[in-house]
Amino acid sequence: MTPNDILFRIKLLFRKDKELYAFCYKLLGFVPHHIDIYRLAFAHRSQSIALDGRKSGNNERLEYLGDAVLSAIVADILYKMYPRRREGFLTNTRSKIVKRETLSMVAQKMGLDRVVHPVIKNHPHNTHVYGNALEALVGAVYIDQGYERCKTFVIERIITPYIDIRSMARTELNFKSKLLEWGQKYRVPINFELLETTIDGRNNPVFHSVITIFGERVGEATGYTKKESHQRASEQALRRINGDTALHDAILKQAETIDSNTEPV
């Protein structure tokens, strides 16, 4: 046991929220400056908590911030790790690392399932509750400690113990196939459309694609090939569908309505 550990244990005897402090210290490797921001990170949208005795909140805003910070940190890591690889490879690899399935797996291995308890059980979006909480935790560390300490936390507590970047980089991730599989499962028509083809500053063709479901744009992206633009648009569509409960439910409801109207008498 280090001197810092001994000092922390002594101070812990006189703190409120001893269990939360102890959990955060073990999880993060440092003593939080502002414990309330971590309490908020663990508050699922179905169980908003009181803040300052005046208002309530949950981890949605921290999740939004953590998503952006985590993406920036992973992009920084990949940029330095692969100095000769092109932008498409870096983007694809980053997507594999920060996708909800990966983050949910890591979050549960870190023990976040012990402190995040959604009130609504067996909801389709609860498969990503812990991954969302991990993003919120990254956002909390960023606010509490700053970017450099947050980057160290991501590398030492998330990437190094749980994610093999080089192995993940070699794994092909087909967002378009995943989106089409989702559409087939729920009988939702997925439409891909090439909006335009332009030329960039180096005379390379750039393809601009859009994905619509029941006439609504759910994904839109560009790429140096039609396939790349479809992949990026599909990734965006999946993130939006999985992250927006109202949109997800509205699409499935519309699909059910069409099915019921086309069933044979």
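The values are calculated or read from the model by the stated rules, or taken from the named source; none is laboratory data. The shown structure was predicted, so the numbers you read here are calculated from the model rather than taken from an experiment. Cβ placement follows ideal geometry from the backbone for every residue including glycine, while neighbour counts extend to all protein chains displayed. Calculation scope for accessible area: heavy atoms of the full protein, side chains included, ligands and nucleic acids excluded. Shrake-Rupley method; radii C 1.70, N 1.55, O 1.52, S 1.80 Å.
What to note about this one:
- Test for ALA221: is it open to solvent by less than 30 Å² (accessible area, probe 1.4 Å), touching a residue at least 24 places away in the same chain (Cβ under 8 Å) and within 26 Å of GLY131 (Cα to Cα): no
- In segment 73-94, the residues that are under 19 Å from GLN231 (Cβ atoms) and hydrophobic (A, V, I, L, M, F, W, C) form Cβ pairs under 8 Å with partners that are exposed (fewer than 14 other Cβ atoms within 10 Å of the Cβ) and modelled with pLDDT of 95 or more, at six or more places apart or across chains, as follows: LEU90/TYR79.
- Comparison of ALA233, ALA246 shows that the only residue that is small (Gly, Ala, Ser) and open to solvent by less than 50 Å² (accessible area, probe 1.4 Å) is ALA233.
- Filtered residues of segment 214-253 (kept if over 25 Å from ASP67 (Cα atoms) and not charged (D, E, K, R)): PHE214, GLY215, TYR224, THR225, LEU252
- Filter result for LYS178 (out of contact with any helix residue (DSSP H, G or I) (no Cβ under 7 Å at 6 or more places or on another chain), open to solvent by 60 Å² or more (accessible area, probe 1.4 Å), among the basic types (Lys, Arg) and assigned to a helix (DSSP H, G or I)): no
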